[in-house]
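A single structure is presented below for examination.
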Amino acid sequence: MKRALRLIPMILGVLGIALCLVALFGLWTIRSRLDRVNREVFRKADSALVAADEQLERTRDQLASSKLTAQGVVDQLKAWSQVEAVEELDDRMQLSQKLDRFSFGLRQADHWMQMASTTADHADGLLSMAHEAGLAVDPGRLDGLRTDIQDLRSKLTDASEKVDLLSQRWSGEREDSSETLSAKPALQTASALIATVSDVETRLSDFQQRLGDVRTLATSLEAKSSGWIFWVAVALTAFVLWMAAGQYALFRLATRPAPNSPTGDHTE
């Protein structure tokens, strides 16, 4: 009977140690998976932010090219503003072609800006996942950026429509081609459009700086979250080892000979 009673804590001790070993294996497996998911989320967020920055850079390049085209329009209109009216149809068609290229450049810039906004939405979604996981990430950090991009896109759309109207007017599509036109009103409109494009360029540079700040923050949070996952795993490991030590002590206690049991030879 006594032997059976001693077997119970021995069995419990062995089972406890086995369970602790299984718990350690599971703990570090989960830690590895969490760390991998953490790195993957931030890697995708960083890739999206880099893509958004590149798309904004392409937008700036396109706007710079469009400004050169617009400047050619302004220079031509300045030359024509010295006369009462422009009558040569060929000159008007040449100006209309420049305006068409200007309009195309603005639409291309709007396209790149739309892609940047979509990519920023994707990055914001990934950062929101990190926030829901308990990390100190502001899920609305990119909201202002997206709103500002939409505002700039509205400006580009409005500018493109104005350029189209100028092109149609000077090509004769809206009025009789034999009508004489004054260059001064068109010059004022074109100059205002160049100012609008310059303002958009400046704000895009600010947007890129803000994207860079978000990237820096995301990189820092990735390192912190990886460290947090590691140290939580270490703390839980210490607790499981403490539990295993208790189970081993129970096993040793059960295998220790009883104080009143003979350990040597029997004597008569």
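The values are calculated or read from the model by the stated rules, or taken from the named source; none is laboratory data. Quick caveat: nothing in here was measured; it's all calculated off a predicted structure. Note that we place each Cβ from the backbone using ideal geometry, even for glycine, and neighbour counts take in every protein chain shown.
Restricting attention to segment 1-15, which residues are part of a helix (DSSP H, G or I), at pLDDT below 70 and not basic (Lys, Arg)? Reasoning before the result, please.
Within segment 1-15, the first condition is being part of a helix (DSSP H, G or I), and the residues that meet it are 2-15.
Now narrow it down to the ones that are at pLDDT below 70: 2-6.
Ala4, Leu5, listed by residue number.
Continuing with the same structure: Looking at (1) among the small types (Gly, Ala, Ser); (2) touching a residue at least 40 places away in the same chain (Cβ under 8 Å); (3) out of contact with any helix residue (DSSP H, G or I) (no Cβ under 7 Å at 6 or more places or on another chain), which one does Gly13 not meet, given that it meets all the others?
(3)
A quick yes/no check of all residues on (1) among the aliphatic types (A, V, I, L, M); (2) at pLDDT 85 or above:
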{"residue": "Val74", "(1), (2)": "yes, no"}
{"residue": "Trp80", "(1), (2)": "no, no"}
{"residue": "Asp90", "(1), (2)": "no, no"}
{"residue": "Gln94", "(1), (2)": "no, no"}
{"residue": "Gln108", "(1), (2)": "no, yes"}
{"residue": "Met113", "(1), (2)": "yes, no"}
{"residue": "Ser117", "(1), (2)": "no, no"}
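From the list Ala18, Ala48, exactly one residue is touching a Ser or Thr at 6+ places or on another chain (Cβ under 9 Å), of a type outside the set (D, E, K, R) and part of a helix (DSSP H, G or I). Which is it?
Details: Ala18 fails: touching a Ser or Thr at 6+ places or on another chain (Cβ under 9 Å).
Going through Ala18, Ala48 in turn, the sole match is Ala48.
Kindly indicate whether any position in segment 179-202 is surrounded by fewer than 18 Cβ atoms within 10 Å (Cβ to Cβ), of a type in the set (Val, Ile, Thr), at negative phi and not in a helix (DSSP H, G or I).
Yes: segment 179-202 contains one or more residues that are surrounded by fewer than 18 Cβ atoms within 10 Å (Cβ to Cβ), of a type in the set (Val, Ile, Thr), at negative phi and not in a helix (DSSP H, G or I).
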